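First up is the structure itself, then whatever we jot down about it.
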Amino acid sequence: MANVAPQKLLLFVIYVVANGIMIITVHAATGKTDAPIFIFGDSTADVGTNNFLKTCTAKADHLYNGVDFPFSKSTGRFSNGKNAADLIASLLGGYKVSPPPFLSLLAHKRTFKRNLLRGANFASGGSGIFSATGQNKVICMEEQIQQFATVRRNITELLGSPKVVDDLLEKSIYLISIGSNDLVEYALTHSPSDSKQFIANLTQAYATHLTVRKNNILNLYNLGARKFAIIGIPPIGCCPAARVFNDTGGCVEVLNDGARLFYKSMQSLFREFSLLFKGFKYSLGNTYAMTMNVIDNPRGNGFKEVIAACCGNGTTDCVVGVNLCANRGDFLFWDKFHPT
């Protein structure tokens, strides 16, 4: 993890493995916060965005997803219960779960502007850093930022003062968990020898979304974001869906190599940003190292099964009728892609 902001305002990412459940949390160094939380990303942070997309096939609004959520409700989270976005928000203070999906807030016109003061979740399962990832059936990072621009505009109309809005958004926390789908789609269609150039291109695209103005594309920094909590790409080559492509059942190292390279590239990028952009504060969480620690030492981290999926297997989706484990706390993987 890299921490570069002044101590009192620093965000840090803590990886906790407790009671057999992997928790990824972000906390403010000064304690809990009442500032809004805005969440961007893919299925690791999606809390129901894709439910509103008619042509999208990447949905989790059905059992067995949500089997351990209150009332066993399938909310659209790719999980048996809460996901990383929920757990992070709950530890930041004032939140029991993640802020609702932006599209769900938008559906309630009367309370839309007021509810934005508590934050919003833009994450869309299947999306990526590149707009083409997900084949345009999901909400890519660029479009998620366009939705955040709508949030800023509506909060300004509500509060009436651009200065007050600037202060509010500067205090807010911007959680981003994205990039795995870009790596997977690239690996399926390209030679590993081209990976360094791909990582460079992916890093540049990420930079464009955060701070670097290019072709008048909106970016989060220009829209008021200052405090970033970045979740790195985990060892996606070790998920059940990847292992089926390895004859030995082991991890697919070309995917893991990509995750490691991207993390190193992001380290350099964010160090540079912290020097170039006034007020820019960040934490970059090394999800890769944390997850590999669990895979390499499952018993020591409270797990019994770190290879197979709890729901379904490496080739089937998590739907009613597939195998469902009873002891979900023993499993690292909920389905063929996502953690419990």
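The values are calculated or read from the model by the stated rules, or taken from the named source; none is laboratory data. From a predicted model like this one, the values you see are computed outputs, not experimental measurements. FYI the Cβ positions are ideal-geometry reconstructions off the backbone, even for glycines, and counts take in every protein chain you see. Heavy atoms of the whole protein, side chains included, go into the accessibility calculation; ligands, DNA and RNA do not. Shrake-Rupley method; radii C 1.70, N 1.55, O 1.52, S 1.80 Å.
Observations on the structure shown:
- Peptides 39-52, 179-192, 220-233, 154-167 ordered by packing proxy, namely the average of other Cβ atoms within 10 Å per residue, highest first: 39-52, 220-233, 179-192, 154-167.
- Potential lengthening of the chain between Thr55 and Phe71 amounts to 3.0 nm, from the contour at 0.36 nm per residue minus the alpha-carbon distance.
- When a 1.4 Å probe is rolled over the protein heavy atoms, the share of accessible surface on the chain that falls to carbon and sulfur comes to 55 percent.
- Cross-link pairs Lys96/Lys281; Lys109/Lys171; Lys171/Lys336; Lys54/Lys304; Lys281/Lys304; Lys54/Lys281 - those with Cα-Cα distance over 32 Å: Lys171/Lys336; Lys54/Lys304; Lys281/Lys304; Lys54/Lys281
- What the chain shows is 44 Å² of accessible area per residue, with the surface traced by a 1.4 Å probe over protein heavy atoms.
- Rounded to the nearest 10 square angstrom, Thr291 shows an accessible area of 10 square angstrom against a 1.4 Å probe.
- Here Lys278 is the anchor, and the aspartates and glutamates within straight C-alpha reach of less than 16 Å, apart from those fewer than 8 places off in the same chain, are Asp166, Asp167, Glu170.
- Each stretch of four or more DSSP H residues adds -39500 (n - 2.57); spread over every residue of the chain, this sum gives -10000 deg cm²/dmol at 222 nm.
- Charge-dipole axis of the chain as Lys and Arg at +1 and Asp and Glu at -1 on Cβ define it, positive-most pick from His338, Cys140, Asn246: Cys140
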